[in-house]
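Rule-based calculations on the coordinates, nothing more; no lab input. Every value quoted in this text rests on a predicted model; they were computed, and no experiment measured them. Virtual Cβ from ideal backbone geometry, glycine too; neighbours counted across all protein chains shown.
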Amino acid sequence: MNIKTKLRLGFGFLFLVVISFGGISLYHINQISERSKVILKDNYKSLIYVNEMLTALDNENGNINLKNVSAFDKALKLEENNITENGEKNAVIALRKAFVSIANPNNAIEAKNNAMAQIRLQLRNIDELNMNAIVKKNDEAQKATQKATIYLSVTASITFIILFSFIVNFPGFIANPLRELLAGIKEISRKNYRQKLDFKGSDEFSELALAFNKMAIELKNWDNSNVAQLISEKQRIETIIEQMQDAIIGLNEKQEILFLNKVASELLNLNSAYVIGKNAVELAQKNELFKRLLTEKIGDEPVKIYANEKESYFILENREIVIPNLDDPNEQTLITAGKSAGKVYILKNVTKFKELDEAKTNFIATVSHELKTPLSSIKMSLKLLNDERVGVMNEEQNQLVNHIKEDSERLLKITSELLDLAQVETGNLQLNLVKTNPVEIVNFALAAVQFQAEQKGIDLVFNSTNNLPFVNADVQKTAWVMVNFLSNALRYSSAKSKIIIDVFEQDKFITFSVKDFGKGIEEQYQKRLFDRYYQVPTDGQNKSGSGLGLAISKDFIEAENGNIWVESSVGEGSKFSFQLPVA
């Protein structure tokens, strides 16, 4: 029998008990009511009729005449129809006989007096009979009421006992198995897989017990087969983290330290055995370096830390640990949504790379500086060769000298760019900021490339608004950026074309732009144009530069608190721009 059927039977039994109690109560109440009605209906009416007849007699001084004969006769007829007690009928017959005798005018006075005496006698008899009956029936009603009270009390007591027993015992039928199930689940949560449930019967609780016991066995088997593997994996991961050369610190979602490896422990001067489980924010209040790591802005610039008796450089990274949000029962949500389970901070030691980068920068600066002297000497020699006082060269010799001159100028430009790059990388870039008219910067750059533009027949169109505000800028370096823009535009523009130079004010910035109408730059290359040593692939018609010009231009402009960018579409040309804040 299933639980639903048992519940129906139980509540059906309660319903029958309540209905039975109600039926017994209604029965006894009805009996009491019937007995009360008999008293009021029969005997009480007879007393009323007797009283009416006596009143009729009293109204005429004890005589029956034409004035009261009808009233007396009416009451007598009603009494004749309401005979209920033994002896009452004879009294009523005698009363009727005496009334007839008085009403007969032929009877003598003495006969009428005897009849009147008989009337009063029979009225007293009827009155006494009904009064005695009322007393008797009242006693019977009282006894019946007492009996009904006893029956109702006994019935109520039995019903109360039944209901009380049901209330006490029936909830246990549901609650006790649930309590045992809850205790079993708690034991399972403590990994006590030997816990069993034993419910008698064939209802759902018995099926639940069988399923629970089967689950306990499966969990025990799973635990025995996976615990060792999980412990092994945990130890392996901890060993890997411990042996890593980078400092690693793990925090949970409550900002408590989960782990830190040996490198992190030595670097932060923290005892791993002591700090595990401690609040990271509280520890950071006592450890300035740890506090710096927790609040340090994540970026590409390395963090300088004094470690191993020297200044070391570290790149700070952090990774947020995201796990599935198991709080939401929606399966679809589990796939797409997650919640944070903490963070992992990683300090990558880049000291060796930093030292190598500095060595590279110093090497480039040294080599570039050393190359400038022989290149300058070569240029001077080429200038002397072009002087006819030394000797006249033939056409082929002139071409060779021109090629040497172009290559030496290109090498000299590259060495200058490398020297500028070395200044930027070593932090030795020095700016001579002065309030300058933007138009003067552009004119300086235009003068530098005017001859080159005339050779290709390219028209340089300069557009500018009047009364531009000044900018705080290093004139030489800003003009160098404009020259670099213009040189690139001239290199990739066809002959007899034009280049548009615009200078205007926008949102408290002065915008400089150089627009050419060459073949343009594909979008995939635009994002890396300002990276060092990056060169856009060419078709062989144009000589590619060193890949440093735009990178150095970006460093110069950003050092002046400006912005630099490019806009280009294939077949429509390119537009290089930068902004400097108004002074």
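A few remarks follow.
- The label-point distance for residue 310 and residue 103, in a model that sets each label 7 Å from Cα toward Cβ, rounds to 15.2 nm.
- Projected label points at residue 563 and residue 399, each 7 Å from Cα along the beta carbon direction, are separated by 5.0 nanometres.
- Each residue of region 147-162 is assigned a 3J(HN,Hα), and the resulting list reads 5, 5, 4, 5, 4, 5, 5, 5, 4, 5, 5, 4, 4, 4, 4, 5 Hz, derived from the Karplus form 6.51 cos²θ - 1.76 cosθ + 1.60 (θ = phi - 60°), x at Gly and Pro.
- Length added when fully stretched, residue 508-residue 25, from 0.36 nm per residue minus Cα-Cα: 164.0 nm
- Two-site FRET efficiency, residue 51 against residue 110, from Cβ-Cβ distance with R₀ of 30 Å, rounded to 0.05: 0.60
- Estimated distance in nm for a label pair at residue 461 and residue 388, the labels positioned 7 Å out from Cα along Cα-to-Cβ: 4.2 nm
- Cα-based shape type of region 3-175, given that a ≥ b ≥ c are square roots of the gyration tensor eigenvalues and the cut on a/c is 1.5: prolate
- Counting beta carbons within 10 Å around each of 151, 533, 27, 492 and listing the fewest first gives the order 533, 27, 151, 492.
- Rounded to the nearest 0.05, the FRET efficiency derived from the C-beta distance between residue 452 and residue 381 at R0 = 35 Å is 0.90.
- Other-chain or far-sequence residues with amide H under 5 Å of residue 339's (modelled H): 323, 325
- Theoretical FRET efficiency, 1/(1+(r/R0)^6), r = Cβ-Cβ of residue 18 and residue 147, R0 25 Å, to 0.05: 0.65
- Cross-link check: pairs 477/527; 89/136; 304/508 evaluated at a Cα-Cα cut-off of 25 Å; pairs beyond the cut-off: 304/508.
- Region 75-137 and region 436-501 have Cα centres spaced 150 Å apart.
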